[in-house]
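Here is the structure we will look at, set down as structure tokens.
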Amino acid sequence: MGEYTTEEINQRFALLDQYERRCIIYFLQETETDHVSISDLVSHLQRQDPTPDERDKLAIALHHSHLPKFGTIDTFNFDSRSEIVRYDGDELLEALLEPISETHSPSI
């Protein structure tokens, strides 16, 4: 693994501090393509929570909270017109997530 600045490390930790964002990262890692729709993300999040929020609430949280956080690193890209999220992989983020996944991995 390469060398990272304190800012880069802090950005990744900020992404991992929310359960929903960890679920999104797991989902993006497991998909067979480098992109998913917002609709697919909402469906996935609904499956992870035994008492899921309404679909609209989850979509709003993605648009206004989670996706802007993902935008802080270059490996995520959200196209609001097509409502597609692209993930190109992030070595540091995935390395930080690995110990968490061993103790708590959402069902994908």
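Coordinate-derived values only; no laboratory data. Model, not experiment: these values are computed from the prediction. For neighbour counting, all protein chains shown are included, and Cβ atoms are generated from backbone atoms with ideal geometry for every residue, glycine included.
Summary table
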read-out: Exposure proxy ranking, count of Cβ atoms within 10 Å, fewest first, for I38, I73; value: I73, I38
read-out: Which of T5, T75 has the fewest Cβ neighbours within 10 Å, and the rest in rising order; value: T5, T75
read-out: Contact order relative to length of the chain, as percent, for alpha carbon pairs under 8 angstrom and 6 or more apart; value: 34 percent
read-out: With eigenvalues of the C-alpha gyration tensor scaled by 5 and rooted, segment 6-102, Å; value: 20, 15, 13
read-out: Helix 91-103 axis, angle to the chain major axis (alpha carbon atoms, nearest 10°); value: 70 degrees
